[in-house]
Structures are given as C-alpha cells and as structure tokens.
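Some notes on the structure that comes next.
The values are calculated or read from the model by the stated rules, or taken from the named source; none is laboratory data. Given the structure is predicted, the values throughout are model-derived calculations rather than measurements. Note that each Cβ is placed from the backbone with ideal geometry, even for glycine, and that neighbours are counted across all protein chains shown. Only protein heavy atoms, including side chains, enter the accessible area calculation; ligands, DNA and RNA are left aside. Shrake-Rupley method; radii C 1.70, N 1.55, O 1.52, S 1.80 Å.
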Amino acid sequence: MKNTALTETHRALGAKMVPFAGYNMPVSYEGVNVEHETVRKGVGVFDVSHMGEFLIEGPKALELIQKVSSNDASKLTLGKAQYSCLPNETGGIVDDLIIYRIKEETYLLVVNASNIEKDWEHISRYNESIGANLRNISNDYSLLAIQGPKAVEAMQSLTSVDLSEIKFYNFVVADFAGIDYVIISATGYTGSGGFEIYCKNNEVQQVWDKVLKAGADFGIKPIGLAARDTLRLEMGYCLYGNDIDETTSPLEAGLGWITKFTKDFVNAENLAKEKERGLERRLVGFELEDRGIPRQGYAIVDGQGKKIGSVTSGTMSPSLGKGIGLGYVPTLFSEIDGKIFVQIRKKAVPASIVKLPFYKSQ
C-alpha cells in the first residue's frame, strides 16, 4: 500500500484510513455528512495526492494528445484546463482526465489513481509512432483540493494573485503558502467552487499546514474521500470504475460534449457511427420517491419488475435528504420525469429520472 506525503498527518488528525487505488487514504475524519456540509457551505481541504500526473512536451505534444483524447485540445490556450477522456479501441473509455496547457509545448495530464499504469501504457503505445516527450511524474507531486464557497476568501492571504480572477477551468502558476511555483487551478470535483493545488511532495506539508491555518477563521476542515464521493454524485459527475469504464461509451455516459468529431482520435470513426445510429442506452440520474438508499449494483427494473439496468453510483444525498443515483437504462426509459424502479432487497422502490445536477447551488 502506497502512502501520500501526508498519510501520517491524516492519522494524527484522527482520520479513518482505507485502501483506495493502491494508496492509504483518509475516508473520513468527523463523518461524511458533517464533512459534506462543510464543503457545501464553507470550505474544506482534501488530500488527493493519489491522482496521477503525466507531462507531455515538445513539438509533437499536441499531436499525441489529439490522438489519444476525445476533446479538442487545440482549443487550449496557456492557463486553461480541459476535461476529456481517453477512448479505447472497442467503444469504451480507458480513463477520464484533465488536460492543462502549461507552456506552448508543455501539457499536464491528470489521471485517476487506479489507472496510472494502464493510462501510461495506452498513451505510450500511441506515442511510439508520434514521438512526443512523455514523463510520468505521479510519484513526485502532491495534490490538494480546497473546495467550497468560502475558498477564495479563505485562501487569498496565501498568494499574491487575485484568486477571484481565476475563472472555472483556468489556472495560474504562482506563489502559494510560501512556495514560489505551484499550480493553482479553479477545478474540482464537488460543484461548490474552489481550487486544486499541485506542488512537490516535499512542499505539501507546508502547504497543508498553512491552508488549515489561513482557513481557520472560515471553519476549514480536512475532508475525506467519502464526502468527495457524495459531493461529486450530487453534481452527477462520473466516477471511473462506477459510471464509466472500458465497456461504456462516452456518448452513452452523457460525455458527448467532450467528444469532438472535428479531429481524428482513437476509435473516432466507430463512435461517430454510434452517434449516427442513435444510442441504445443512456446514463441517467434518478431520485427515489420513497425511502431507501440505492447502492452500486442494485437492479433497475420497469413497472413489471423486469430488469432494465443497474445502479452505477448511489447514495443518500446529504443536501437533498433523499436517495439519488446514476445508472444505465435503455434510451426508451431515459426521458426526464420518466419512472423507473430500484430493487432494494425485496422492494421495488419507485424513482424519477431527473435532470442533472441533483444539487443546484443557492
């Protein structure tokens, strides 16, 4: 089991530690509901240093990224980030990721922890004929997510840049918490605003300590992975391994908006045909109409009790106080306000298809 540079710090804070994607990670400190509310209403800080980072550099960098990713990275200007995915050759997804354009010919790819080796092999295979300069820097860098509506105000004292000026999916390389060069990125996985901070492993303890000190007057708390999951699910954000994987098409998953057929990329031709034919199934968001908690793997059934799909992610929403979930159903059942049922033990609990996100900020 790998540790992040902050593992002992989390233990000292009383975190409940669990194995996650090969790492020892804090799942919770005070409890998921308290931590969830802290991020929705104030500010919290997550250690997500298990995520992977690849640098792609040189005159061939963009060519490689355009080949392996579904979104159009040629639209990226300096200081901008882009959500994208790596399609596989059989219609599914190798991983979803964020691409940062750091310099004219330097891009940073941030990938899921559980997929670091798989992604590296996949991208390297396509790079054999392209020849970009590719480096896996995952073991050298740490990542903190400072999330919540009070994040800008709470963190402003730590940097000379105006945090309120950094727009969503934009970033700066600047001073932060006494470190000269860190990436301050207005990205995150919670839907409540804030930043992600990339720094070296030997710098992250200083950054963590100063973040907690600067945020003390704003009620900042450390937040674990359990609340990260409930927060992202309330936004309808896909989680790799649950809602998307090697067998799910980006179009089925509602990721058509990051699938650009204006360029050639891995399996583009087949995905374009799939779009033309029309989708047989779609990933939908649903809310339970009765009490119950939908869990991953629970059957989704129609009015006659026939199985039509499965829950891919589900929870009791701390913000809404009701069971919510994502799952794939035949397109016929995917209309907003349509009715489905989730089989929870012996009971088929009625649910409504809803427009994402589940949670709308006030």
**Prompt:** Local charge sum around ASP290 (other residues, Cβ-Cβ under 15 Å, Lys/Arg +1, Asp/Glu -1)?
**Reply:** +4
**Fill in**
Cα-Cα longer than 25 Å, checked against LYS67/LYS103; LYS60/LYS167; LYS103/LYS210; LYS41/LYS355; LYS16/LYS221, kept in input order, equals LYS60/LYS167; LYS103/LYS210
**Request:** Quick one: accessible surface of TRP257, probe radius 1.4 Å, all protein chains present, in square angstrom to the nearest 10.
**Result:** 150 Å²
**Cα gyration tensor shape of the chain, rounded if a/c is under 1.5, else prolate or oblate by comparing a/b with b/c** = oblate
**Message:** Which one, ILE244, ILE137, ILE99, has the greatest fluctuation when you compute a Gaussian network model over the chain with C-alpha springs under 10 angstrom?
**Reply:** ILE137
**Item:** Fluctuation leader among LEU233, LEU143, LEU134 - the chain, Gaussian network, Cα springs under 10 angstrom
**Value:** LEU134
**Prompt:** Of THR230, THR77, which has the most accessible area with a 1.4 Å probe, and how do the rest follow in descending order?
**Reply:** THR77, THR230
**Complete:** Full extension between SER74 and THR331 adds, at 0.36 nm per residue less the Cα distance, a length in nm of 89.3 nm
**Prompt:** Build a GNM of the chain with springs between Cα atoms under 10 Å: which of GLY191, GLY256, GLY236 gets the top mean-square fluctuation?
**Reply:** GLY256
**Message:** For the chain, give me the percentage of DSSP beta bridges that are antiparallel, rounded to the nearest 5 percent.
**Reply:** 95 percent
**Asked** What figure in square angstrom, to the nearest 10, would you give for the accessible area of LYS306 with a 1.4 Å probe?
**Response** 130 Å²
**Prompt:** Largest first, what is the accessible-area ranking of VAL349, VAL27 with a 1.4 Å probe?
**Reply:** VAL27, VAL349
**Prompt:** Of ILE56, TRP208, THR106, whose Cα points farthest to the positive end of the dipole of the chain (charges on the beta-carbon: +1 Lys, Arg; -1 Asp, Glu; origin at the Cα centre)?
**Reply:** TRP208
**Request:** Set the Förster distance to 41 Å, then compute FRET efficiency between ASN270 and LYS2 from the Cβ-Cβ distance, nearest 0.05.
**Result:** 0.70
**Request:** Please give the solvent-accessible surface of THR90 in Å², to the nearest 10, using a probe radius of 1.4 Å with every protein chain present.
**Result:** 120 Å²
**Accessible area of the range 6-117 belonging to carbon and sulfur atoms, whole % at 1.4 Å probe** = 54 percent
**Request:** Could you tell me the distance between the Cα centroids of the range 210-281 and the range 107-170, to the nearest Å?
**Result:** 15 Å
**Complete:** Of the residues ALA5, PHE286, ASN136, the Cα lying farthest along the dipole of the chain towards its positive end, which is defined by charges on the beta carbon of Lys, Arg, Asp and Glu, belongs to PHE286
**Asked** What residues qualify as long-range amide H neighbours of GLY79, i.e. H under 5 Å apart, gap of 5 or more or another chain, H built at 1.01 Å from N?
**Response** ARG101
**Message:** With both bridge residues required to lie in the range 145-303, what share of the DSSP beta bridges run antiparallel, to the nearest 5%?
**Reply:** 90 percent
**Message:** Give me the percent relative contact order of the range 117-242, please, defined on Cα pairs under 8 angstrom at least 6 residues apart.
**Reply:** 24 percent
**Complete:** In whole angstrom, the spacing between the Cα centers of the range 298-362 and the range 1-22 equals 33 Å
**Message:** With an 8 Å Cα cut-off and a minimum separation of 6 or more residues, compute the relative contact order for the chain in percent.
**Reply:** 17 percent
**Request:** Using a 1.4 Å probe over the heavy atoms of the protein chains, calculate the carbon and sulfur portion of the accessible area of the range 277-362 as a whole percent.
**Result:** 50 percent
**Request:** Using only the Cα atoms of the range 146-200, build the gyration tensor, take square roots of its eigenvalues as a ≥ b ≥ c, and label the shape rounded, prolate or oblate: rounded if a/c is under 1.5, else prolate if a/b is larger than b/c, else oblate.
**Result:** prolate
**Request:** At 0.36 nm per residue, minus the direct Cα-Cα distance, what do ARG291 and TYR83 gain on full extension? Give it in nm, one decimal, please.
**Result:** 71.4 nm
**Complete:** Honestly the range 106-234 on the Cα gyration tensor test (a ≥ b ≥ c root eigenvalues; a/c under 1.5 rounded, otherwise a/b vs b/c for prolate or oblate) is just prolate
**Fill in**
Here FRET efficiency (C-beta to C-beta, LYS167 to GLN304, R₀ 56 Å, nearest 0.05) is 0.70
**Asked** With +1 on each Lys and Arg Cβ and -1 on each Asp and Glu Cβ, how big is the dipole of the chain about its Cα centre, in debye rounded to the nearest 20?
**Response** 1040 debye
**Asked** Which loop-located GluC sites (Glu not before Pro) does the range 91-181 contain, where loop means any DSSP state but H, G, I, E or B and the Cβ has at most 12 other Cβ atoms within 10 Å?
**Response** GLU104, GLU128
